[in-house]
Amino acid sequence: MSINIGEVLLDLWNGSGFATFFSGNWQSLVMLAIGCVLLYLAIVKKFEPLLLVGIAFGCILTNLPHAGLYHQELWDAFMNPDSPVYHSYGAILKSGGLLDFFYIGVKTSIYPCLIFMGVGAMTDFGPLLSNPKSLLLGAAAQLGVFVAFFGAIALNLLNELLGFTVGFTGPEAASIGIIGGADGPTAIFLTTKLAPHLLGAIAVAAYSYMALIPMIQPPFMKLLTTPKERAIKMEQTRNVSKAERIIFPIVVTIFVALLLPDTAPLVGCLMLGNLFKETGLTDRLSDTAQNALMNIVTILLSTSVGATMVGSNFLTVQTLSIVVLGVVAFIISTVGGLLSGKVMCWLTKGKVNPLIGSAGVSAVPMAARVSNLMGQKYNPSNFLLMHAMGPNVAGVIGSAIAAGFLLKVFGG
Amino acid sequence: MNMLSGDLIHLGLADAGIIALLGYGVVFLGLIFLMIVVILLGKAFSAAGKKKAAAPAPVEETVEEAPKPVAPGAAGELKLHNVEPKIAAMLMAIVADKLGKPLNELRFISIKEVE
């Protein structure tokens, strides 16, 4: 028996991923290019590298033909009530690939909640406790969430009027709107529950815009405030006792979870992490939550979110609309925070620097740093960082409440 | 798949507007309530702190403390406000290092944590 070398080579070629590119699978090729662009942005331009490197690499892995790391069809069946494997993790474990297994942690909301625990362990709520009014700035800066939600639904009208093919359902619009909360884990938590097919696009938009905050916010900060307002020096805030710091996470968890029970996983984990930090008795747990655990979960979360960027789901007009609506959401949230900062400045007769309002968009601590830098530009002796951290952490709670509300309405 | 009614999946503009306004209102309401709770908490703690400060100190036979020995070359006592002695020592060492002067040639009057 002789070996037909030509046939073997042909089989080898046909079995390779390269052959699929020449047989009409152009989408995977484009997605590999997009993955490389995202890697470039993460490594060279330093756009949220801790998350974007994993997302981009997950995108590359999932779009390698025949690699079998992630199976979109399994998850489509998992989500289909008419399918025999509806909500069956057993089917995923039986037939899935590595990234399918990773993705179970996203689907069950374990990763976003554990990330929130780490965020809580790293967050100092002292500035918020010493100036509780900053909670109002955090609330005002959620404006973009609801404007983008409305904008996504308004696109349906364009559909009808102009015959466009872009349109979003209520749950999809809610997932897009939450990009304005500038909070990655919250956006992933909500999107996984309401519109999992948009997860890749929404996560990439959310993290990219968070990285772009130093570019997105300053023009609007200048536009909406006067040089005199930007130079306002704020008074020192009061010292917060240790007991207050310990009671705060307990009170917030009970209060917010009673108000919107759907937010309990996110807020509960955020506050548990913070309690680890504040008790002073659980330093080891706090250290694990903010370092080892956070790093492990970040790796799993980012690669599995990247894995959802399958060409057929990602290369759509919807993704482009999400990118546009996402930036609109960020801008409107910034404007909402700044305008409420101005109102507070006026009400306190110039004691509040309105620049701290833009920090209410969450994106801890980047947005607070931007407020501080802008303030120092107009008054070098001005240190707004601690004042801006109040609305900044209030924004985290605010976006979790917004997500809880949207989940209550659209969660079914 | 969401088990929602068709009205919530295919939302009209008016309904979307109402949901957006309601959602923004709920966020405000939630954080306003939280603000009130935090303010009350702060007031309760500062009242408790004041009470503690105003309470007469327990009567004890006061034994006059002997003056603390002063370090050689020191020019009086250093006042620390919310700063651990360990951190204060570190800060003084850094200042001395940056200025390039021996620590005993510098005089620190007080160190206060700026928040």
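The values are calculated or read from the model by the stated rules, or taken from the named source; none is laboratory data. As the structure is a computational prediction, the values presented were derived from the model and not from experiment. Here the Cβ positions follow ideal geometry from the backbone for every residue, glycine too, while neighbour counts run over all protein chains shown. Surface accessibility is based on the protein's heavy atoms, side chains included, excluding ligands, DNA and RNA. Shrake-Rupley method; radii C 1.70, N 1.55, O 1.52, S 1.80 Å.
Tell me, which helices (runs of 4 or more DSSP H) wholly within segment A:137-213 include 1 or more residues that are facing chain B (nearest Cβ under 10 Å)?
A:143-162, A:170-177, A:184-194
Please name all residue pairs, on different chains or six or more residues apart, with Cβ atoms under 8 Å, provided the first residue is in segment A:14-33 and is within 15 Å of A:LEU61 (Cβ to Cβ) and the second residue is open to solvent by 60 Å² or more (accessible area, probe 1.4 Å).
A:GLY17/A:LEU64; A:GLY17/A:HIS66; A:SER28/A:LEU64; A:LEU32/A:LEU64
Would you check which residues across segment A:75-100 are of a type in the set (Ser, Thr, Tyr) and either more than 17 Å from A:HIS197 (Cβ to Cβ) or crowded, with 18+ Cβ neighbours inside 10 Å (or both) and list them?
Of everything in segment A:75-100, those that are of a type in the set (Ser, Thr, Tyr) and either more than 17 Å from A:HIS197 (Cβ to Cβ) or crowded, with 18+ Cβ neighbours inside 10 Å (or both) turn out to be A:SER88, A:TYR89, A:SER95.
Among A:GLY118, A:GLY126, A:GLY181, A:GLY138, which is touching a residue at least 40 places away in the same chain (Cβ under 8 Å), open to solvent by less than 30 Å² (accessible area, probe 1.4 Å), under 26 Å from A:PRO365 (Cβ atoms) and out of contact with any helix residue (DSSP H, G or I) (no Cβ under 6 Å at 6 or more places or on another chain)?
Result: A:GLY126 is the single residue among A:GLY118, A:GLY126, A:GLY181, A:GLY138 that is touching a residue at least 40 places away in the same chain (Cβ under 8 Å), open to solvent by less than 30 Å² (accessible area, probe 1.4 Å), under 26 Å from A:PRO365 (Cβ atoms) and out of contact with any helix residue (DSSP H, G or I) (no Cβ under 6 Å at 6 or more places or on another chain).
So which residues in segment A:1-45 are farther than 24 Å from A:LEU199 by Cβ and not in a helix (DSSP H, G or I), if there are any at all?
Correct list: A:MET1, A:SER2, A:ILE3, A:ASN4, A:SER16, A:PHE22, A:SER23, A:GLY24, A:VAL44.
Residues are listed down the side, and each one gets a yes or a no for (1) surrounded by fewer than 24 Cβ atoms within 10 Å (Cβ to Cβ); (2) touching a residue at least 24 places away in the same chain (Cβ under 8 Å); (3) of a type outside the set (Asp, Glu):
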| site | (1), (2), (3) |
| --- | --- |
| A:GLY357 | no, yes, yes |
| A:GLY360 | no, yes, yes |
| A:ALA363 | no, yes, yes |
| A:ASN372 | yes, no, yes |
| A:SER381 | yes, yes, yes |
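Mind listing just one residue for me: the one in segment A:57-74 that is in a helix (DSSP H, G or I) and of a type outside the set (Asp, Glu) and, of those, surrounded by the fewest Cβ atoms within 10 Å (Cβ to Cβ)?
Filtering segment A:57-74 for residues that are in a helix (DSSP H, G or I) and of a type outside the set (Asp, Glu), the one surrounded by the fewest Cβ atoms within 10 Å (Cβ to Cβ) comes out as A:GLN72.
Evaluate the following for A:VAL343: is it modelled with pLDDT of 90 or more, closer than 19 Å to A:PRO132 by Cβ, open to solvent by 30 Å² or more (accessible area, probe 1.4 Å) and in a helix (DSSP H, G or I)?
Answer is yes for this residue.
Can you name every residue in segment A:228-282 that is within 13 Å of chain B (Cβ to nearest Cβ), farther than 30 Å from A:SER381 by Cβ and assigned to a loop (DSSP other than H, G, I, E, B)?
A:LEU260
Being touching a Gly at 6+ places or on another chain (Cβ under 7 Å), open to solvent by less than 20 Å² (accessible area, probe 1.4 Å) and not in a helix (DSSP H, G or I), is that true of even one residue in segment A:313-330?
There is no residue in segment A:313-330 that is touching a Gly at 6+ places or on another chain (Cβ under 7 Å), open to solvent by less than 20 Å² (accessible area, probe 1.4 Å) and not in a helix (DSSP H, G or I).
With the requirement that a residue be in a helix (DSSP H, G or I) and at pLDDT below 90, what does segment A:351-385 give you?
A:MET366
List pairs: first in segment A:254-276 and touching a residue at least 40 places away in the same chain (Cβ under 8 Å), second basic (Lys, Arg) and open to solvent by 30 Å² or more (accessible area, probe 1.4 Å), Cβ under 8 Å, 6+ apart or cross-chain?
The qualifying pairs are A:LEU260/A:LYS408; A:ASP262/A:LYS408.
Going by what's in this entry, would A:GLY54 be described as in contact with a helix residue (DSSP H, G or I) (Cβ under 9 Å, 6 or more places away or on another chain), part of a helix (DSSP H, G or I) and farther than 18 Å from A:SER312 by Cα?
Yes.
Return only the number of the condition from (1) hydrophobic (A, V, I, L, M, F, W, C); (2) over 15 Å from the mean Cα position of the chain (by Cα); (3) assigned to a helix (DSSP H, G or I); (4) modelled with pLDDT under 95 that A:ALA289 does not satisfy.
The number of the failed condition is (4).
Restricting attention to segment B:9-31, which residues are within 7 Å of another protein chain (Cβ to nearest Cβ) and loosely packed, with under 14 Cβ neighbours inside 10 Å?
Just the residues of segment B:9-31 that are within 7 Å of another protein chain (Cβ to nearest Cβ), to begin with: B:9-11, B:13, B:16-17, B:19-20, B:23-24, B:26-28, B:30-31.
Selection gives B:LEU13 alone.
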